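The values are calculated or read from the model by the stated rules, or taken from the named source; none is laboratory data. Here the structure is a predicted model, which means the values were calculated and not measured. Quick reminder, even Gly has a Cβ in these numbers, built from the backbone with ideal geometry, and neighbours come from all protein chains shown.
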Amino acid sequence: MPTLDFAFLADAADAEPGRKFYVLGGGVDQVHARGFPVVHPHLALLMRFLVHPTETGRPHSLEVRLMDCDGGELAKIEGLLEPQGTPMSGRELGVNLVINMQSMRFERAGDYSVEILMNNQHMKSLPLRVAAPA
């Protein structure tokens, strides 16, 4: 199964397949709002998976969930990751992926999270605090 090399939130991002990420405002873990409910215009989720050569060409289910402070699901994105390419001998294939999340609505302040699952197995939780400015 592919492993998650890293994942983080940013203000904006783009990725070249198998190459580089282009990131603006990386490392987001907090969003401020003057009042609630609030609609946050844009966040980007950046992920890099490492795929063993024996796993290329096989589909893997990917699921990303946005969870609220009570553990309820606000949004879910599902898809298949089917890495293609010929990795160098003895090296894993790096697969870069960006998911752009538009107009996310938060009803109240609190601790939210982005949950990443592959093949129904939890890979990583990214905390996201939504708060009024200090």
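See the values below:
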{"item": "Segment 100-116 - residue that is buried (at least 17 other Cβ atoms within 10 Å of the Cβ) and over 18 Å from ASP70 (Cβ atoms) and, of those, farthest from the chain's Cα centre (by Cα)", "result": "MET101"}
{"item": "Qualifying position, being in contact with a Pro (Cβ under 7 Å, 6 or more places away or on another chain) and either surrounded by 18 or more Cβ atoms within 10 Å (Cβ to Cβ) or among the β-branched types (Val, Ile, Thr) (or both), among LEU66, LEU80, LEU45, LEU93", "result": "LEU93"}
{"item": "Condition check for SER125: under 15 Å from LEU4 (Cα atoms), of a type in the set (Gly, Ala, Ser) and either exposed (fewer than 11 other Cβ atoms within 10 Å of the Cβ) or at pLDDT 95 or above (or both)", "result": "yes"}
{"item": "Candidate set from segment 16-42 (those that are farther than 19 Å from VAL130 by Cα and at pLDDT 90 or above); member that is surrounded by the most Cβ atoms within 10 Å (Cβ to Cβ)", "result": "PHE21"}
{"item": "Count of segment 114-125 residues which are in contact with a strand residue (DSSP E or B) (Cβ under 7 Å, 6 or more places away or on another chain), part of a strand (DSSP E or B) and of a type in the set (S, T, N, Q)", "result": "1"}
{"item": "Scan of segment 28-59 for residues that are small (Gly, Ala, Ser) and more than 24 Å from GLY110 (Cβ to Cβ), ordered by number", "result": "GLY57"}
{"item": "Residue list for segment 48-63, restricted to those being surrounded by fewer than 16 Cβ atoms within 10 Å (Cβ to Cβ) and of a type in the set (D, E, K, R)", "result": "ARG58"}
{"item": "LEU74 vs. criteria at pLDDT below 95, of a type in the set (A, V, I, L, M) and under 14 Å from MET104 (Cβ atoms)", "result": "yes"}
